[in-house]
Amino acid sequence: MFLTRLAFTTLFIVFALIFIGGYVSSSGVGLSCPDWPLCPAGLVPMKEFIIEYFHRTVAATTGIMVFATMFFTLRSKETSKSTKIASMIAAGLVVGQIILGAIVIVEKLHALLVTMHLGMGLILFIMILTVFLDVRQISKSHLQKPVYL
(Lines give C-alpha, C1' and ligand atoms only; values in the text may rest on other atoms or scores of the structure.)
Protein backbone atom coordinates (compact mmCIF):
# COMPACT_ATOMS: atom_id res chain seq x y z
CA MET A 1 0.00 0.00 0.00
CA PHE A 2 1.37 3.39 -1.03
CA LEU A 3 0.29 5.14 2.16
CA THR A 4 2.10 2.58 4.32
CA ARG A 5 5.38 3.17 2.47
CA LEU A 6 4.87 6.94 2.56
CA ALA A 7 4.15 6.92 6.30
CA PHE A 8 7.19 4.71 6.97
CA THR A 9 9.45 6.95 4.89
CA THR A 10 8.11 10.00 6.71
CA LEU A 11 8.66 8.30 10.07
CA PHE A 12 12.23 7.46 9.08
CA ILE A 13 13.02 11.01 7.96
CA VAL A 14 11.50 12.51 11.14
CA PHE A 15 13.74 10.19 13.17
CA ALA A 16 16.76 11.16 11.06
CA LEU A 17 15.95 14.85 11.55
CA ILE A 18 15.80 14.43 15.33
CA PHE A 19 19.14 12.63 15.20
CA ILE A 20 20.72 15.36 13.04
CA GLY A 21 19.21 18.06 15.25
CA GLY A 22 20.74 16.40 18.29
CA TYR A 23 24.12 16.47 16.59
CA VAL A 24 23.71 20.13 15.60
CA SER A 25 22.76 21.06 19.16
CA SER A 26 25.41 19.02 20.98
CA SER A 27 28.27 19.90 18.63
CA GLY A 28 27.66 23.63 19.01
CA VAL A 29 27.16 24.39 15.31
CA GLY A 30 23.57 25.56 15.75
CA LEU A 31 24.55 29.16 15.17
CA SER A 32 27.16 28.50 12.51
CA CYS A 33 24.52 29.77 10.11
CA PRO A 34 23.17 32.82 11.99
CA ASP A 35 20.58 33.86 9.41
CA TRP A 36 17.19 32.27 8.90
CA PRO A 37 15.92 30.61 6.74
CA LEU A 38 19.01 30.68 4.52
CA CYS A 39 22.67 30.98 5.38
CA PRO A 40 24.51 34.18 4.36
CA ALA A 41 25.62 32.60 1.07
CA GLY A 42 21.99 31.89 0.08
CA LEU A 43 20.97 28.56 -1.43
CA VAL A 44 24.53 27.34 -1.97
CA PRO A 45 26.05 26.66 1.44
CA MET A 46 29.61 27.59 2.30
CA LYS A 47 31.77 24.95 3.97
CA GLU A 48 31.42 26.45 7.46
CA PHE A 49 27.61 26.28 7.25
CA ILE A 50 27.29 22.75 5.83
CA ILE A 51 26.10 20.91 8.96
CA GLU A 52 23.45 23.47 9.89
CA TYR A 53 22.46 23.83 6.24
CA PHE A 54 22.07 20.04 6.00
CA HIS A 55 19.83 20.12 9.08
CA ARG A 56 17.64 22.81 7.51
CA THR A 57 17.46 20.93 4.19
CA VAL A 58 16.40 17.71 5.91
CA ALA A 59 13.89 19.74 7.94
CA ALA A 60 12.36 21.19 4.76
CA THR A 61 12.18 17.70 3.24
CA THR A 62 10.58 16.41 6.43
CA GLY A 63 7.94 19.13 6.28
CA ILE A 64 7.06 18.20 2.71
CA MET A 65 6.85 14.52 3.65
CA VAL A 66 4.62 15.19 6.67
CA PHE A 67 2.24 17.29 4.57
CA ALA A 68 2.19 14.62 1.83
CA THR A 69 1.41 11.97 4.45
CA MET A 70 -1.41 14.11 5.82
CA PHE A 71 -2.79 14.72 2.33
CA PHE A 72 -2.94 11.02 1.46
CA THR A 73 -4.17 10.06 4.93
CA LEU A 74 -7.05 12.51 4.66
CA ARG A 75 -7.91 11.27 1.17
CA SER A 76 -7.95 7.63 2.23
CA LYS A 77 -11.37 6.18 2.87
CA GLU A 78 -9.84 3.40 4.97
CA THR A 79 -8.02 5.39 7.65
CA SER A 80 -9.77 6.07 10.91
CA LYS A 81 -10.78 9.48 12.15
CA SER A 82 -8.09 9.31 14.86
CA THR A 83 -5.43 8.62 12.22
CA LYS A 84 -6.59 11.59 10.17
CA ILE A 85 -6.44 13.75 13.31
CA ALA A 86 -2.93 12.49 14.12
CA SER A 87 -1.79 13.42 10.62
CA MET A 88 -3.28 16.91 10.97
CA ILE A 89 -1.61 17.36 14.36
CA ALA A 90 1.68 16.30 12.76
CA ALA A 91 1.26 18.90 10.03
CA GLY A 92 0.46 21.55 12.64
CA LEU A 93 3.56 20.55 14.57
CA VAL A 94 5.66 21.00 11.44
CA VAL A 95 4.43 24.58 11.17
CA GLY A 96 5.16 25.05 14.87
CA GLN A 97 8.63 23.58 14.43
CA ILE A 98 9.41 25.97 11.57
CA ILE A 99 8.35 28.97 13.64
CA LEU A 100 10.10 27.73 16.77
CA GLY A 101 13.24 26.85 14.79
CA ALA A 102 13.40 30.42 13.52
CA ILE A 103 12.91 31.77 17.04
CA VAL A 104 15.66 29.46 18.34
CA ILE A 105 18.10 30.99 15.85
CA VAL A 106 17.00 34.58 16.49
CA GLU A 107 17.25 34.04 20.27
CA LYS A 108 20.73 32.50 19.94
CA LEU A 109 19.88 28.94 21.04
CA HIS A 110 18.17 29.75 24.32
CA ALA A 111 18.14 26.45 26.25
CA LEU A 112 14.39 26.48 26.98
CA LEU A 113 13.57 27.10 23.31
CA VAL A 114 15.92 24.35 22.14
CA THR A 115 14.28 21.96 24.62
CA MET A 116 10.81 22.92 23.40
CA HIS A 117 11.99 22.37 19.81
CA LEU A 118 13.13 18.85 20.72
CA GLY A 119 9.90 18.15 22.62
CA MET A 120 7.76 19.19 19.67
CA GLY A 121 9.92 17.01 17.44
CA LEU A 122 9.27 14.01 19.67
CA ILE A 123 5.52 14.62 19.62
CA LEU A 124 5.72 14.92 15.83
CA PHE A 125 7.50 11.55 15.75
CA ILE A 126 4.75 10.00 17.88
CA MET A 127 2.00 11.38 15.61
CA ILE A 128 3.69 9.98 12.48
CA LEU A 129 4.32 6.68 14.28
CA THR A 130 0.58 6.55 15.08
CA VAL A 131 -0.28 7.14 11.43
CA PHE A 132 2.20 4.53 10.25
CA LEU A 133 0.99 1.84 12.67
CA ASP A 134 -2.64 2.41 11.67
CA VAL A 135 -2.06 2.34 7.93
CA ARG A 136 0.21 -0.70 8.30
CA GLN A 137 -2.59 -2.48 10.16
CA ILE A 138 -5.04 -1.60 7.38
CA SER A 139 -2.57 -2.87 4.80
CA LYS A 140 -2.09 -6.14 6.70
CA SER A 141 -5.84 -6.68 7.00
CA HIS A 142 -6.19 -6.36 3.21
CA LEU A 143 -3.51 -8.99 2.71
CA GLN A 144 -5.21 -11.43 5.09
CA LYS A 145 -8.67 -11.31 3.48
CA PRO A 146 -9.57 -14.62 1.88
CA VAL A 147 -9.83 -14.68 -1.87
CA TYR A 148 -12.75 -16.68 -3.21
CA LEU A 149 -12.49 -18.12 -6.68
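Would it be correct to say that Ala68 is at pLDDT 80 or above and out of contact with any strand residue (DSSP E or B) (no Cβ under 6 Å at 6 or more places or on another chain)? Here the answer is yes, as Ala68 does meet what is asked. Filtering the stretch 48-67 for residues that are surrounded by fewer than 17 Cβ atoms within 10 Å (Cβ to Cβ) and of a type in the set (Lys, Arg) leaves an empty set. Of the residues making up the stretch 66-102, those that are part of a helix (DSSP H, G or I) and touching a residue at least 40 places away in the same chain (Cβ under 8 Å) number 12. Scanning the stretch 80-130 for residues that are of a type in the set (S, T, N, Q) and within 13 Å of the chain's Cα centre (by Cα) returns Ser87, Gln97. Among the numbered conditions (1) of a type in the set (Phe, Trp, Tyr); (2) over 12 Å from the mean Cα position of the chain (by Cα); (3) within 30 Å of Ile85 (Cα to Cα), the only one that Phe67 does not meet is (2).
Of all positions in the stretch 28-50, none carries a residue that is part of a helix (DSSP H, G or I), touching a helix residue (DSSP H, G or I) at 6+ places or on another chain (Cβ under 7 Å) and closer than 24 Å to Leu100 by Cβ.
The values are calculated or read from the model by the stated rules, or taken from the named source; none is laboratory data. For clarity, every value in this text was computed on a predicted model and none was experimentally measured. So basically every Cβ, Gly included, is an ideal-geometry build from the backbone, and we count neighbours across all protein chains shown.
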